[in-house]
Each structure stands twice: as C-alpha cells, then as structure tokens.
Amino acid sequence: MAERVAVIGLLNKRNGQTRDLVMKPGMALRVGDAVVRVRACEQTAPWENTPEVGAFVQLDVRSPGNGKWFRQFSGWLFKNRPERNVVQHPIYDVWVRECRMTWPQTGPDTLKAGAKPKTGSAGAAGNADNAVEAPEPAAAVGNVAN
C-alpha cells in the first residue's frame, strides 16, 4: 500500500475549480474548507477482463456557520462506476481518477506460459498442462420421503 499513489479529483461547485490531488494511502490534503483523505487505493490486475479502479476516500468539510468539521463521506469510490460515487455535498464533489500501482512479474506460484511446473512444487497439481482432475463421483442416493 505504501508504494501506491491515488489521483483524486476535487470539484468546488461554487467557483467551478477542479483539482487533481495526488496522494498516497494514509495522506490527507486540505483544499479550502475541505479535507480529502485516502485510506486505500486498488485496481484490478492488467490481465483481468473487467478493469476496476477504486479508492477508499473520506471527505471532511468545515461548516461556514460554526467552523466545525463534519465527515460528509467515507467509503469506496470507483472510477469506472460513476453511479456508485455517492458523495452528496452542495459544494464539493470527489471522484477517483486513477490508482498507480505495480504488479510483480513473478512470485512463488508464477508459471510462464508453456512452461512445465516443477514436480513436487506447491503450485503444481501433478499434470503438466495444469488441468484440474474431476473429483470422484458421489455414491448414488435413493429417494428420500419427506
């Protein structure tokens, strides 16, 4: 999480100004009477079929009447799902632009395409083509009266 970087868009509806806030998870930035915090950011792996980018964001806004800070939003926002972005504030709007993160090229269970797994390794199930064997069929069960 420490190596990830979230880019959060912030719109001030009063003056029409939009800013991109570049933040690491755990950071908070104050812009005027708004404080935006990013707790986490995630994205699906590049090889996944449906790309998703999201961040857990909190928005605190200072009340102009008494100067107290109030939590206006706390939850996940998704870039590709704007209907799920439910920040409802009359002045500020926040959304996720991106989550920058890297993916390891190899790991303990990584197999290269076309490579045969090593025998005896934890990731290998025995078949060289990584096919999954069907389980033994269960014994037939007779009709049960209710």
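The values are calculated or read from the model by the stated rules, or taken from the named source; none is laboratory data. Keep in mind that what you see is a predicted model, and the values were worked out from it rather than measured. Don't worry about glycine lacking a Cβ; one is built from the backbone with ideal geometry, like all the others, and counts go over all protein chains shown. Protein only, heavy atoms only, side chains kept; ligands, DNA and RNA dropped before computing areas. Shrake-Rupley method; radii C 1.70, N 1.55, O 1.52, S 1.80 Å.
For this structure, a couple of remarks:
- Alpha-carbon Debye profile of the range 29-96, log10 I(q)/I(0) at 0.22, 0.25, 0.28 Å⁻¹: -0.91, -1.09, -1.25
- All other residues whose Cβ lies under 12 angstrom from that of GLU3 are scored, Lys and Arg at +1 and Asp and Glu at -1, for a net of +3.
- VAL86 sits with roughly 80 Å² accessible to a 1.4 Å probe, with DNA, RNA and ligands left out of the calculation.
- At full extension, TRP47 and GLU3 could sit 13.8 nm farther apart than now, given 0.36 nm per residue minus the alpha carbon distance.
- By the Kirkwood approach, averaging reciprocal distances over each pair of separate Cα atoms, the range 1-53 gets a hydrodynamic radius of 12.6 Å.
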